[in-house]
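The next block holds one structure in the form of structure tokens; read it before the comments.
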Amino acid sequence: MNLLSVLANQKYELSSDLKQKNPEIVDLRYDSRKIKAGELFFAIPGHTQDGFQFVASALSNGAIACVVDEKASIPAELEDSCIKVPDVRVALAEASATFFEHPCKKLLTIGITGTKGKTSSSFLVESIFAASGKKTALLGTVECHYPGFKMKSERTTMESYDLQKFLRDAHAHGAEVAVLEVSSHALSLARVHACQFDGMIFTNLSEDHLDFYGSMEKYYEAKRLLFTEYAGAKGGRDPVAVINKDNLYGERLLRESKLRVFSTSKSQGDYVSHGIQMDGLETLGKLSTQNGRSIAIKSKLTGEFNLDNILGAMALAHAMGVDSGAIECGIQNLEFVPGRLQRIESKLPFQVFVDFAHMGTALENVLRTLRAICAGRLIVVFGAGGDRDPMRRVQLGQVAARLADHAVITSDNPRTEDPLKIIATVQENFELEMRRHPTLRRTFVVEPDRREAIRIALTQAKQGDVICIAGKGHESGQIIGKQEFPFDDREEAQKILRQIEVDSHRET
């Protein structure tokens, strides 16, 4: 594809020489380290480095030209090779969609956003559409896959070039429906720019990413973009939005949305649950649709927060015309979501769950859910991540003290912070919460080594206990400094449980 075709329908400035040559573009690139001859480089601003500082090296490595911010001060010797645009991220997204022939227009595309519940909701929606006979693609926090392909994810929503390429490849391999987790950062940083969504779900909004946004208002405004900027009418279909009315920000979004929108609720809404029964291992009940019909709920996902996810997925599928039988089947077919209240199987007289909960509200939801099935002690292994909002470690310590009988405070992903200082803050707030509530009879130990912390919790567990290993969920690595070391809570728990089973057998 030639240069002017790649930049079609965009606002840009380029030299007359570059315009006249209109060279063929082999590929697009936003990482100067990977530049090959004939590629177009986009100098996007990064979190720690600005791509503009690599323009000279990109050109020396064979880049045809570089797309830069129009406000950049370009050296005279590079001017003829630079293309100025108002927003490099938007330009990359537009160019990527054009380069890969707008795959979103060829797929039924569903976007899911919210503070919590995106991953579970995406797996639920995909399972429903698969049960309806559609070939599916999924892109999110845990993994990205389409027919014949699967890979682990590096972030919730990948960069716009990678996203458009993924969707192109998914369609080429037979996918008909693409389900995407859409993070607030993806919306703010134009990663999903040039995408058009047929269906959208808003799960909830609670305090998070304030280190990036500065206020809940700006955080909400970022989430709202999915419903104001990216809804697309395709193939004669009007886009459908499903919003959780039981969340305060969901109520607000319902008032502000101009789309064909449906609400979900446990009380009053377009789609309402009733007769719900939970035993900690299963959710049963019904969903009443806006036209008075009922859809049966039978799911191995449990907890009030998962009920919200189930309602959202069922409502969206129904509003988009999926048959009730396929909806029921799809919900029932999903046995678990990786790292989301995932039960680790064993023959021992206690239960072990791994969950991604790494914020106070999420940990509270998980511990309240597990309390319902706990006949003995509720034990939590947890820590707090480094280089993230410091309030998380305060809230996590407080929640664990209120809701768990025993805690093992350990390291999570300390990143570039001192893990012992993070642990000290968590411990301080755990103890502070106990002093605030003298009737609490909680115990805790501190073990910075996460592997040893899991071993302590599992080897000390007794009949009827429930152990929650929280914070990392599906993650297969631990980030210490700027390096990631192999570590999976699920694998570690399985190894220890197997050894306990072997030791128990020997003793008998």
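Here, each number is a calculation from the coordinates, and none is a lab measurement. Quick caveat, the model's predicted, so the values are computed rather than measured. Cβ: placed from backbone, ideal geometry, glycine included. Neighbour counts: every protein chain shown.
Taking a ≥ b ≥ c as the square roots of the eigenvalues of the Cα gyration tensor of the stretch 438-505, is the shape rounded (a/c under 1.5), prolate (a/b larger than b/c) or oblate? Before the final figure, lay out each step's value.
Numbers: a/c = 2.29, a/b = 1.23, b/c = 1.86.
Oblate, because a/c is 1.5 or more while a/b does not exceed b/c.
If each DSSP helix of 4+ residues adds -39,500 (n - 2.57) and the sum is divided by the residues in the chain, what number results at 222 nm, nearest 500 deg cm²/dmol?
Details: 17 runs with 184 residues, N = 508.
So the helix-based figure for the chain works out to -11000 deg cm²/dmol.
Please state the relative contact order of the stretch 342-507 as a whole percent: Cα pairs under 8 Å, 6+ residues apart?
31 percent
Show the residues, 5+ positions off or on another chain, whose built amide H is closer than 5 Å to the amide H of residue 109.
Under 5 Å from the amide H of residue 109 lie the amide H atoms of 178, 198, 199, each far enough along the sequence or on another chain.
What are the ³J(HN,Hα) couplings of the stretch 449-465, residue after residue, when phi is run through the Karplus curve with 6.51, -1.76, 1.60 and θ = phi - 60°? Round to Hz, x for glycine and proline.
With coefficients 6.51, -1.76 and 1.60, one gets 6, 5, 4, 5, 4, 5, 4, 4, 4, 6, 6, 9, 5, 10, 4, x, 6 Hz.
Ranking 195, 329 by Cβ neighbours within 10 Å, fewest first, what do you get?
329, 195
Just flag the trypsin sites (Lys or Arg not before Pro) in the stretch 101-194 sitting in loop per DSSP whose Cβ has no more than 16 other Cβ atoms within 10 Å.
134, 135, 155
Order these by the 10 Å Cβ neighbour count, fewest first: 89, 451, 435.
Taking fewest neighbouring Cβ atoms as first place, the list is 435, 451, 89.
Filter 347/462; 11/71; 347/495; 105/150 down to the pairs with a C-alpha to C-alpha distance above 18 Å, please.
Violating the 18 Å Cα-Cα cut-off are 105/150.
For residue 236, what charge total do you get from the other residues with a beta carbon under 14 Å from its beta carbon, if Lys and Arg give +1 and Asp and Glu give -1?
Counting the neighbours of residue 236, the net charge comes to +2.
Note down the nm distance, to one decimal, between modelled labels 7 Å out along Cα→Cβ at residue 495 and at residue 134.
4.1 nm
Using the basic label-point model (7 angstrom from Cα toward the beta carbon), what is the residue 228 to residue 16 distance in nanometres?
Rounded to a tenth, the inter-label distance reads 4.2 nm.
Give me a comma-separated list of calculated 3J(HN,Hα) values for the stretch 374-385, in order, Karplus coefficients 6.51, -1.76, 1.60 applied at θ = phi - 60°, integers in Hz, x for any Gly or Pro.
Residue by residue, the stretch 374-385 yields 9, 8, x, 8, 9, 10, 10, 9, 7, x, 9, x Hz.
If you take the square roots of the eigenvalues of the alpha-carbon gyration tensor of the stretch 342-507 and sort them as a ≥ b ≥ c, do you get rounded (a/c under 1.5), prolate (a/b over b/c) or oblate? List each step's numbers first, then the result.
Details: a/c = 1.84, a/b = 1.17, b/c = 1.57.
Taking the square roots of the gyration eigenvalues as a ≥ b ≥ c, the stretch 342-507 is oblate.
What is the sum of charges, Lys and Arg at +1 and Asp and Glu at -1, for the other residues whose Cβ falls under 12 Å from the Cβ of residue 255?
+2
Under 5 Å between amide H atoms, partner at least 5 residues away or on a different chain: which partners does residue 134 have, H built in plane at 1.01 Å?
Here the answer is none, since no amide H 5 or more places off falls under 5 Å of that of residue 134.
If the stretch 101-333 were replaced by its equivalent ellipsoid, with semi-axes equal to the square roots of 5 times the Cα gyration tensor eigenvalues, what would those be, largest first, whole Å? Could the numbers behind the result be given before it?
Details: eigenvalues 123, 91, 56 Å².
Output for the stretch 101-333: semi-axes of 25, 21, 17 Å.
Expressed in nm to one decimal, what extension gain is obtained for the pair residue 449 and residue 290 from 0.36 nm per residue of sequence separation less their Cα-Cα distance?
This chain segment gains 52.1 nm when fully extended.
Could you tell me the relative contact order of the stretch 156-290? Use alpha-carbon pairs under 8 Å, at least six residues apart, and round to a whole percent.
17 percent
Tell me the relative contact order for the chain as a rounded percent, counting alpha carbon contacts under 8 Å between residues six or more apart. Could the numbers behind the result be given before it?
Values: 1109 pairs, mean separation 52.1, N = 508.
With pairs under 8 Å counted, the relative contact order is 10 percent.
Gap in Å between the Cα centre of the stretch 292-309 and the Cα centre of the stretch 42-119?
41 Å
Could you derive backbone 3J(HN,Hα) for the stretch 22-38 from the dihedral phi with the Karplus parameters 6.51, -1.76 and 1.60 (θ = phi - 60°), listing whole Hz in sequence and x where the residue is Gly or Pro?
Calculated HN-Hα couplings, in order: 6, x, 6, 9, 6, 6, 9, 8, 10, 10, 4, 5, 10, 4, 10, 4, x Hz.
Give me 11, 245 ranked fewest to most by other Cβ atoms within 10 Å of their Cβ, as a rough exposure proxy.
On the way: 11 13, 245 23.
Listed from fewest to most nearby Cβ atoms, that is 11, 245.
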